[in-house]
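Throughout, read-outs are computed from the coordinates displayed, never taken from laboratory work. A quick note: this is a predicted structure, and the numbers were derived from the prediction, not measured. We place every Cβ from the backbone using ideal geometry, glycine too, and count neighbours over all the protein chains shown.
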Amino acid sequence: MIQTNCSTSGCHATPGPGKPALNTHAEISANALQIRNVIKKNPGEPQFMPLGGQKLADSLIQQFGCWIDQGLLDN
């Protein structure tokens, strides 16, 4: 989900000011709570992600939340 929707060229493939790289398990885990917060937002809300894209499917957002709740496993 992160690779497809976040770790693309010009987005979170490389780090920048206020924009962490999200390529590795460690990078994603370190930012997991912030990621969950911004993907739960609706288009037009401040910090909505993916920037310029459509809201992710609720099932993907729930799956990401479950991954966090289960301990950020590297799977």
Members of region 3-19 that are surrounded by 12 or more Cβ atoms within 10 Å (Cβ to Cβ) and either in contact (Cβ under 8 Å) with a residue 60 or more places away in the chain or of a type in the set (G, A, S) (or both): S7, A13
Residues satisfying the stated conditions in region 27-38, i.e. free of Cβ contacts under 8 Å to residues at least 24 places away in the same chain and either in contact with an Asp or Glu (Cβ under 8 Å, 6 or more places away or on another chain) or within 14 Å of S7 (Cα to Cα) (or both): E27, N31
Verdict on L33 being of a type in the set (A, V, I, L, M, F, W, C) and outside any loop (DSSP other than H, G, I, E, B): yes
